[in-house]
Structures are given as structure tokens and as C-alpha cells.
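Since every read-out is calculated from the coordinates, none of them should be taken as a lab result. The shown structure was predicted, so the numbers you read here are calculated from the model rather than taken from an experiment. All Cβ positions, even for glycine, are placed from backbone atoms using ideal geometry, and neighbour counts span all protein chains on display.
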Amino acid sequence: MKARIARICPPEGGRIIAVSDVHGYVDYLDGLLKKLHFDKSDMLILIGDLIEKGPRSLETVRYVLRQMESGARIHAVMGNVEYDRLGAFFDDGGDGVRHFMDMLSYHVQRWKHGFFPDILTEMGMDAQALVRDWRDKRLQEDAVRDLKRRIREGYEKELDFLWHLPTVLLCGNFLFVHAGVSSDSLSKLQDADAVSCMKRDAFLQEDVRFEKYVVVGHWPVCLYREEASVAPIFDERKHIIAIDGGCALKTAAQLNALVLPEGAEDMRGAFFESYDDFPVFIAPKDQPYRAPGMYVRYFDNRVEILERTEDMARLRHLGSGKEFLAPLAFLFHKNGEIHCDDYADTFLSVKAGDRLSVILETSLGKFVKKDGRIGWYCAVRS
């Protein structure tokens with residue numbers, strides 16, 4: 001499938017607000033737009049992965065549609081999850097039926113939520129029971145096709161909106177795409193493979209430079225960094241802005257918005273705003289910065305426990321052999337092994353009066369965020 005390219009005009013008298021990877025966090029999207037005082041003079045661009053993994057995918061789509069119907073200027077591009085899930089849904093062949101049921105099974109087991117599980121719940125059906133019946137061969141392919149037909153009839157508006165999204169949006173000197181592109185040339189983009197634009201891991205690490213400014217999501221920005229932060233990355237040399245704050249994937253996640261002022265042609269004047277639902281704490285004392293001794297990231301996060309207290313553990317990182325202290329809440333088991341969620345033992349630079357988002361209260365202190373940066377505040381013990 002070739003990439004679908006759409007051109008839009010920048011808003012006159014308003015801002016461009018770009019948001020990626022909402023992943024069903026409709027409360028975060030609503031809170032972020034209210035925080036930005038989004039109105040009809042602005043333009044919102046959603047950069048894919050609106051659905052899946054988070055708690056309210058169906059309601060997220062409906063929220064966007066309601067905003068559009070009320071006159072809000074909203075454009076969106078397709079992400080890899082929309083392409084994969086809806087592709088399986090609209091394929092009524094044997095492979096499509098199996099892919100759809102495998103997808104449903106995965107969501108029920110791994111995420112407990114998703115666009116199609118949300119639909120089934122609203123229809124009064126139990127997604128887990130459907131998955132069991134499919135595995136036990138009590139649910140046949142024709143019955144799945146009939147279920148798909150009923151979903152198409154009842155949810156045509158939501159399905160059509162997602163399935164007909166373009167792959168790339170061109171707006172002034174900016175290009176919006178879910179995961180990345182190999183070129184910002186229009187002639188080359190028209191021949192690009194759509195999937196490569198929606199599923200392009202580690203895009204910021206590619207040896208590329210663009211004339212336009214390419215705005216992407218897909219990979220949580222913390223995966224690119226040497227220190228824990230979920231704030232957007234502005235790469236002036238490559239002309240890339242990465243904004244995925246890790247919603248539904250990272251413990252310290254936030255929903256980021258890139259804000260481009262009226263008439264913006266480059267990164268000058270651009271800024272970001274974010275939203276999460278962590279409690280806010282006003283720091284009473286200064287704390288000096290201390291660089292992390294350990295930063296654990298998704299691709300290399302196996303650990304062993306050396307010592308533990310009620311809420312903390314001394315760990316050994318199996319990839320590097322380094323020892324470090326981390327909250328027990330960051331540990332999880334997978335395939336019989338212990339893993340640590342994305343974590344750095346940084347002590348943040350904090351001034352008295354700073355607003356901190358409290359991710360976790362521990363016996364060591366508060367594990368917090370400040371302007372997207374993640375680490376400890378221990379000037380005052382919990």
C-alpha cells in the first residue's frame with residue numbers, strides 16, 4: 001500500500017498543536033487541550049496511534065469526532081495500530097479472521113482494553129468469552145464474519161474515520177507522520193510504502209536530514225535519551241521533532257503537545273506543553289543535581305534482586321552488571337525473569353518552589369517529574 005499524502009493550509013490567526021500516541025487516554029487529551037485553551041482558531045494534528053493499549057479507545061475516537069462536528073479544526077494521520085487493527089477487521093478472508101481474533105486475544109490478555117474490546121463491551125458481549133470460544137473452536141470463522149458485519153453496521157462512523165486517515169500531512173514547512181520518512185520530497189513520498197511511515201523504529205537514530213521539519217511520534221522519546229525524560233526532542237540539525245511521551249507504555253508517561261505559533265516556519269518559537277494526572281508537589285527546599293549511575297531502558301531491562309526492603313530493592317542490571325537502588329513498584333516478571341520498567345536514579349536539580357509531579361512516594365523520597373525530566377527528590381523525605 002502506497003502512502004497517502006494530504007496537504008493542509010496553516011491556520012490564519014491560530015496555532016498548530018500536534019499530539020501523538022494518545023493510546024486511548026481521552027482524559028489526557030481533553031486535559032491537555034483545556035490546558036492550552038484550544039479553540040476554533042487553532043488547528044490540532046493527531047499523529048497516529050489514537051487508539052489501543054489505554055483505557056478508553058472508542059471514547060477517544062468519539063471525542064475527536066465530537067470536536068470536529070462542533071467546528072474544531074482537527075486533522076490526523078494513521079498510526080501503525082490503526083493500520084494493523086482495522087486492516088485485520090476489514091479482511092474477511094481466513095487470514096483476516098484469524099488475525100482479528102489473535103489481535104483480540106492479545107488485547108484481552110495484555111492490555112485489557114482496546115478499540116474492538118471497547119466496542120464489544122458496548123454491544124453487551126464479553127471479549128474474553130469470545131476468545132475462549134475461538135480457542136476451543138466453538139466460535140467458527142463464519143460467526144466471526146457475522147460479528148464483524150454487525151460491528152461495521154453499528155460503528156460505521158468511527159471505523160470510516162480511522163480507516164481513511166492519510167499517512168502523511170504536509171502543512172507549510174512541516175511534515176507530520178506517525179513514525180518517520182526517508183525523504184520529505186513530495187515525489188518520493190508519493191511512492192513511499194505506507195507501513196514504513198507508520199512503523200519505523202528508532203527514526204531519530206537514522207542518518208537523515210530534511211528540508212522540512214518532520215514531526216513524529218511512535219517511539220517514546222525516553223528510548224532515545226541517556227537520561228530519563230519524556231519531554232519532546234527538538235533535533236535542529238536533522239529537522240526532526242519527536243513528541244511521544246509514552247502514554248500507556250511508561251510509568252512516568254505524559255501526553256505531549258508541540259505548539260507552533262501562527263506563521264511558524266521552523267523551530268523558533270515552538271514550545272511544548274504536557275498533561276498527566278500525577279499529584280503536584282511544591283518543593284520546599286533546593287536539591288542539587290546528581291547524574292544517574294544507572295538508566296534502565298526497555299530493550300535491556302533484566303535485573304536480579306540483591307536486597308529488598310518494604311518498598312525498595314538493590315538490583316543488579318544483568319546487561320551491564322551495575323548495581324543500583326530502585327522502587328519495587330518498577331519491577332515486573334516476564335517469562336520467568338525479573339525486569340525493571342524504564343528508570344534512572346538521577347537526583348533532579350530542584351529549586352524551592354518548583355512544581356513537581358509525584359510519580360511515586362517511597363521511603364527514600366519522592367520519585368518525580370520536572371518539565372518531563374524524571375528522577376528523585378529527596379531533600380524532604382516522605
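For the reader, a short list of remarks on this structure follows.
- The HN-Hα couplings worked out from phi for region 166-180 by the Karplus form 6.51 cos²θ - 1.76 cosθ + 1.60 (θ = phi - 60°) are x, 8, 9, 10, 9, 9, x, 9, 10, 10, 10, 8, 4, 10, x Hz, whole numbers, x standing for Gly and Pro.
- Nitroxide proxy distance, nm - points 7 Å out along Cα→Cβ at Asp142 and Asp191: 4.7 nm
- Debye log10 I(q)/I(0) for region 281-377, one point scatterer per Cα, at q = 0.11, 0.15, 0.25 Å⁻¹: -0.33, -0.59, -1.33
- Distant alpha-carbon pairs in region 163-226 (separation over 18 angstrom), percent: 32 percent
- Each part gets one Cα centre, and for region 148-177 versus region 10-37 those centres are 17 Å apart.
- Under 10 Å, Cβ to Cβ, from His178 - net charge with Lys/Arg +1 and Asp/Glu -1: -2
- Nearest-0.05 FRET efficiency for Asp91 and Asp207, computed from C-beta distance (R0 35 Å): 0.45
- Relative contact order of region 281-377, taken over Cα pairs closer than 8 Å and 6 or more residues apart, is 33 percent.
- Where trypsin sites (Lys or Arg not before Pro) fall in DSSP loop in region 83-156, at most 11 other Cβ within 10 Å: Lys137, Arg138
- Anisotropy class of region 1-53 from Cα gyration tensor, a/c 1.5 cut: oblate
- When you filter the trypsin sites (Lys or Arg not before Pro) in region 314-377 for DSSP loop state and at most 13 other Cβ atoms inside 10 Å of their Cβ, you are left with Lys351.
- Percent of Cα pairs in region 249-312 per distance bin of 5 Å, from zero to the largest separation: 3, 9, 10, 13, 19, 19, 14, 7, 3, 3, 1, 0.
- Of interest is the spacing of the C-alpha centroids, which for region 280-297 and region 342-365 amounts to 5 Å.
- Pairs from Lys112/Lys250; Lys40/Lys212; Lys250/Lys322; Lys199/Lys334 whose Cα-Cα separation, in the structure shown, is over 18 Å: Lys40/Lys212; Lys250/Lys322; Lys199/Lys334
- Restricting region 275-323 to GluC sites (Glu not before Pro) in coil, as DSSP defines it, with at most 10 other Cβ within 10 Å: Glu310
- Per residue, the average separation of C-alpha pairs within less than 8 Å and at least 6 apart gives the chain a relative contact order of 16 percent.
- Whether region 82-161 is rounded, prolate or oblate, judged on the alpha carbon gyration tensor where a/c under 1.5 counts as rounded: rounded
- Extending 7 Å from Cα along the Cβ direction at Glu153 and again at Asp235 yields two label points whose distance is 4.9 nm.
- Across region 65-158, the relative contact order, built from alpha-carbon pairs under 8 Å that are at least six residues apart, equals 20 percent.
- Normalised convex hull volume, the chain, alpha-carbon set, Å³ per residue: 157 Å³
- Within region 336-364: backbone nitrogen closer than 13 Å to the Ile282 label point (7 Å, Cα to C-beta): 352-356
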